[in-house]
Amino acid sequence: MARYPSGSRSFPFEIRRTRRLLGSGGCNAALMAELVGDRGTVTTIDIDGDVTARARKLLDENGYERVNVLTGDAEDGVPEAGVLDRLIVTVGAWDIPPAWTGQLNDGGRLVVPLRMRGLSRSVAFDRDGDRLVSQSAEMCGFVTMQGAGEHQERLLLLQGKEIALRFDEGWPQDPDALNGVFDTERAEVWSGVTVALTEPFTSLQMWLATALDGFCLMAVDADLDTELVAPQNKSACLSLLDGASLAHLTIRRAGDRAEFGAHGYDPDAEAVAGALVEAIRVWDRDHRRSEPVIYAYPVATPVAELPAGRVITKRHRRIVISWPPEGQASQSTTTEKEK
């Protein structure tokens, strides 16, 4: 966490809560102390006393005695730090507790690795009254939150334990309906949408999580893998569940490019694979060159008062993932090319 007076350089402060030592030696806090200078303050907090003891020792040895190091669960904020201008969370969070924004100045910034429908993005939110509005969102990976803010995903195991469907929010109405889902011949549908082999497609991940009601992630146990399924990513493959039918993203190479497709499984394999492929085509047509705005509202906010988009209701917040209107991104890109 950091606080700085008017006119000084604006940059972060941090909340740190992890039980692992990697990257927890006070380096982030030292960098932030350099950025806020002598006129600002930095507070770092971790739930693990061993971590904070190590951070305190290393900070003192390197001339950063002015950094405040606290031990505790930051779920309820850090009242002794006062009102904050910047707050950086360096552990994977599923929700945004009220205490964090309660200590944040209006117009202040919260940077948090936030999990949404199983996908993690480091989101830079600016506070606007009682809501948060994203300014950027980058793909990231962090160890998960410990303490009061901990949230575990649920796994639906299939084919013994070889295949698992991962759910961060929600759960199938009838999980038993998927028994034997892989026993019949799979359907294969291709989209015609391609990417270069080195081209990132993180916006596709977020678009599918937004567009598909039955979105989940598929994982294949490497030790039990019989190659029954061929997902695009064997640890976190974008998937669509529709009742007793299931489809997952797959790819095939064509020279220096890869084409997106879907494999579908019993009983409406063709239809569920087609629905996944159609969402890929919409992304290619309307959202390939755009990114969504992510909002965080208090959980009591009525849905009717939220912006248009995918609403994810958590314990403390309603997260809204809102994309530009269909066609807007592609039209603006065409205009730029014409210029």
Note to self: with every protein chain in place and a 1.4 Å probe, the chain gives an accessible area per residue in Å² of 47 Å²
The helix 202-211 Cα axis meets the longest alpha-carbon principal axis of the chain at an angle in degrees, between 0 and 90 and rounded to 10, of 70 degrees
Measure of exposure for Tyr64: accessible area at 1.4 Å probe, Å² rounded to 10, is 40 Å²
Sorting Thr301, Leu217, Leu241 by the position of each Cα along the dipole of segment 187-338 (Lys, Arg +1; Asp, Glu -1; all at Cβ), the one nearest the positive end of that ordering is Thr301
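Once the piece of chain linking Ala196 and Asp183 is laid out straight, how much longer is it, given 0.36 nm per residue of separation minus the C-alpha distance between them?
1.3 nm
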Taking Cα atoms, the helix 27-36 axis meets the longest principal axis of the chain at an angle in degrees (rounded to 10) of 60 degrees
Plugging the Cβ-Cβ distance of Asn105 and Glu270 into 1/(1 + (r/R0)^6) at R0 = 56 Å yields, to the nearest 0.05, a FRET efficiency of 0.55
The helix 269-282 Cα axis meets the longest alpha-carbon principal axis of the chain at an angle in degrees, between 0 and 90 and rounded to 10, of 50 degrees
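With a cap of 12 neighbouring Cβ atoms within 10 Å, and only residues DSSP puts in a loop, list the GluC sites (Glu not before Pro) found in segment 59-121.
Details: sites: Glu61, Glu65, Glu75, Glu80; in loops: Glu65.
Of the GluC sites (Glu not before Pro), the ones in loops of segment 59-121 whose Cβ has at most 12 other Cβ atoms within 10 Å are Glu65.
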Sorting Val143, Val112 on solvent-accessible surface, 1.4 Å probe, most exposed first, gives Val143, Val112
Of all DSSP beta bridges having both residues in segment 41-189, the percent classed as antiparallel (nearest 5) is 70 percent
Residue separation between Glu138 and Thr226 times 0.36 nm, minus their alpha-carbon distance, gives in nm 28.3 nm
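Using unit Cβ charges (K, R positive; D, E negative) and no other charged atoms, how large, in debye to the nearest 20, is the dipole of segment 148-209 about its Cα centre?
On the way: 4 positive and 11 negative charges, 21 e Å.
The dipole magnitude comes to about 100 debye.
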Projected onto the charge dipole of segment 74-127 (unit charges on the beta-carbon of Lys, Arg, Asp and Glu, signs +1, +1, -1, -1), the Cα from Val83, Val112, Pro98 with the largest positive-side position is that of Val112
Per the charge dipole of the chain (beta-carbon charges, Lys/Arg positive, Asp/Glu negative, Cα centre), the residue among Gly63, Gly149, Val123 reaching farthest to the positive end is Gly63
Order by accessible surface, 1.4 Å probe, largest leading, for residues Asp225, Asp46, Asp256 comes to Asp256, Asp225, Asp46
Spelling it out for Thr41: with amide H atoms placed in the peptide plane at 1.01 Å from N, the residues 5 or more places away or on another chain with amide H under 5 Å from its amide H are Arg3, Tyr4
With 0.36 nm assigned to each residue of separation and the Cα-Cα distance removed, Arg154 to Glu305 gains 51.3 nm
For segment 227-309, using Cα atoms only, the Rg and Dmax in Å read 16.4, 51
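Applying 1/(1 + (r/R0)^6) with R0 = 35 Å to the Cβ-Cβ distance of Ala236 and Asp38, what FRET efficiency is obtained, to the nearest 0.05? Walk me through the intermediate numbers first.
Values: r = 44 Å, r/R0 = 1.26.
After rounding, the FRET efficiency stands at 0.20.
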Residue by residue through segment 37-52, the couplings from Karplus 6.51 cos²θ - 1.76 cosθ + 1.60 with θ = phi - 60°, in Hz, x for Gly and Pro, are x, 5, 8, x, 10, 10, 10, 10, 9, 9, 6, 9, x, 5, 5, 5
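In debye, nearest 20, what is the charge dipole magnitude of segment 124-279 about its Cα centre with +1 on Lys and Arg Cβ and -1 on Asp and Glu Cβ, if you could check? Don't skip to the answer; put the middle values down first.
On the way: 10 positive and 27 negative charges, 80 e Å.
Dipole about the Cα centre, nearest 20: 380 debye.
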Using a 1.4 Å probe on heavy atoms of the protein chains only, the accessible area for Ile321 in Å², nearest 10, reads 0 Å²
Under 5 Å from the placed amide H of Phe215, counting only residues 5+ away or on other chains, we find Leu241
Over the chain, the sum of -39500 (n - 2.57) across DSSP H runs of at least four, divided by residue number and rounded to 500 deg cm²/dmol, gives at 222 nm -5500 deg cm²/dmol
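Mind pulling up the Rg/Rh value for the chain? Radius of gyration and Kirkwood radius, both on Cα. Kindly include the intermediate steps, with their values, before the conclusion.
On the way: Rg = 22.3 Å, Rh = 21.9 Å.
A ratio of 1.02.
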Quick calc, the chain, dipole around Cα centre from Cβ unit charges on Lys, Arg (+) and Asp, Glu (-), nearest 20 debye, gives 1080 debye
Ignoring ligands and nucleic acids, Asp76 exposes an accessible area, probe 1.4 Å, in Å² to the nearest 10, of 120 Å²
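The values are calculated or read from the model by the stated rules, or taken from the named source; none is laboratory data. A quick note: this is a predicted structure, and the numbers were derived from the prediction, not measured. Note that we place each Cβ from the backbone using ideal geometry, even for glycine, and neighbour counts take in every protein chain shown. Just so you know, the surface numbers come from the protein's heavy atoms only, side chains and all, with ligands and any DNA or RNA stripped out. Shrake-Rupley method; radii C 1.70, N 1.55, O 1.52, S 1.80 Å.
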